[in-house]
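Values quoted throughout were computed directly from the atomic coordinates according to the rules given, and no laboratory measurement underlies them. Note that the coordinates shown come from a computational prediction; the quantities given were computed from them, not determined experimentally. Note: ideal-geometry Cβ built from the backbone for every residue, glycine included; neighbour counts use all protein chains shown.
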Amino acid sequence: MTDVEHEPGSVPARPEGTGPAGTDRHGAAGLDDVRTAAARLGPLAVVTPLQRNDRLSERLGAEVYLKREDLQAVRSYKIRGAFNFIASLDPEALLPGVVCASAGNHAQGVAWSCRHLGVRGAVFLPRRTPRQKVARIRALAGDLVDVRFAGDSFDDAFAAAMAHAESTGAIVVPTFDHPLTVAGQGTIALEVVDQLGTPPDAIVVPIGGGGLVAGIAIALDGLGAATEVVGVQPAGAPAMVRSLEAGHPVVIDIADDFVDGAVVRKPGALTFAVVQELVHHIEVVDEGRVCTELLALYQDDGIVAEPAGALSVAALDQLAPKLDGRRVVCVLSGGNNDVARYDEIIERSLVHQGLKHYFIVAFPQQPGALRRFLDECLGPTDDIVLFEYMKKNDREFGPALVGIELASRDDLGPLVERISGSGLDVQKVQPDSPVFHLLV
């Protein structure tokens, strides 16, 4: 594998020169397991719509469909794998209950499944889980499931869930790395083929731990479909990409946990094997691009997606050269987004589009200094959206943090030229600086 940095791009998942491998080689599940899961889920009305999206189809010159897993009862696909796993267990084995760790969506799937099956459970969440997800879990769980918090990451929550299982005998419901979980998620592929009447030319799937893409890839491979399976990861947490480069699952440091539903430090061993054999390549998408697409889905299509849910759609521009005239399905994996996050989503989107920039200006402590900056540096459509003195204890200069929003990204060059010619001491805050990460 070639090196892939933490930035947008792609990496092949299937080694060159190898075709689809039989599912018995990776030991995850097979088409029969996916069909069994579909039969198990059949009475529960979990089939979601497959909708053609005119906006994306026209923009890309392709037939783009959205598989609306955000419309599930728990607003994500996680209901499929969780229910399939729990429902397959012997009732006596379930007497001590079940337990899981989750960033939010898997916990909702477990809570919903426990309620429908009459099974007691406990879910462990990182303390930073969005409030909207926590509220939904509690609403779905009723009195059967305890909601608990442990640490600041999924790994912390997982460790607590394991300790709970050891002390109580509760059965751990795997988040992604189990054949039953993978088979449950794979039912999405069967629905897509049934709804289209034929396999799509390509299917774009978000990847965290890999359970969703593994299930879909296994199902399509079992059907003998020629569908190109494309995975998508956020640039700040490309665990599967790093593992493919290493040739085995590896632990990564999380650079950005914004796309919380797709952030894991290490993919599953089982799911890694499936991805390595059956997934064609993986796109890596910048979080700002995800935010831009989140806003477009909301404003143009009336779809409330969560960051991980928008990953597949956010990758389409990078895939555009390959999509012309093809029939493409994007799995919109979830819609559990907290309205309180939209300020951050807008901010990240503006920065990504080159429409918002930050500067540190050392203003002379004399009358008219700010007016001079406004008159000499700002263009007619430039707008100051943040102005904050960083300190005022210097008798000659007072540095201020200034945020400027532009009408067009092309306005940045003229703005920088005017600043350079003003004689003021102005420094642009670069996106890789610690100050910038405190702002965004």
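Quick notes
- Neighbour counts of other Cβ atoms within 10 Å put Ser243, Ser102 in the fewest-to-most order Ser243, Ser102.
- Across region 21-175, the volume of the C-alpha convex hull divided among the residues equals 158 Å³ per residue.
- Helices in the chain that qualify as membrane-span-like (whole DSSP H runs, Cα extent of at least 24 Å along the helix axis, mean Kyte-Doolittle hydropathy of -1.0 or higher) are 179-196.
- In a fully extended conformation the segment linking Gln430 and Asp90 would gain 116.7 nm over its present Cα-Cα distance, using 0.36 nm per residue.
- Each 5 Å bin, from zero up to the one with the longest distance, holds this percent of the alpha carbon pairs of region 354-439: 3, 14, 26, 27, 18, 9, 2, 0.
- Surrounding net charge for Tyr65, when Lys and Arg each add one and Asp and Glu each subtract one, Cβ distance under 10 Å: +3
- Judged by the ratio a/c of the largest to the smallest principal axis of the C-alpha gyration tensor, the chain counts as prolate, that ratio being 1.5 or greater while a/b is larger than b/c.
- Mean Cα-pair separation over length for region 206-323, i.e. relative contact order, pairs under 8 Å, 6 or more apart, %: 31
- Gain on full stretching of the segment that runs from Arg115 to Arg127 - 0.36 nm per residue minus C-alpha separation: 1.9 nm
- The modelled label-to-label distance for the pair Asp410/Leu223, using points 7 Å beyond Cα in the direction of Cβ, is 4.5 nm.
- Span per principal axis, largest first, for the Cα atoms of region 342-381 (Å): 38, 21, 14
- Residue (of Ile137, Leu370, Ala308) at the positive-pole extreme of the chain, dipole from beta-carbon charges: Ile137
- Full extension of the chain between Ile254 and Glu417 yields a length gain of 55.0 nm, computed as 0.36 nm times the residue separation minus the alpha carbon distance.
- Cα-based Lys proximity count in the chain, under 27 Å, for pairs eight or more positions apart or on separate chains: 12
- With kT/(6 pi eta Rh) evaluated at 4 °C and eta = 1.567 mPa s, and Rh the Kirkwood radius from Cα pairs, region 132-235 diffuses with a coefficient of 80 µm²/s according to Stokes-Einstein.
- Here the relative contact order of region 78-172, from alpha carbon pairs under 8 Å that lie six or more residues apart, stands at 33 percent.
- Simple Cβ-charge dipole of the chain, Lys/Arg +1 and Asp/Glu -1, about Cα centre, in debye nearest 20: 1040
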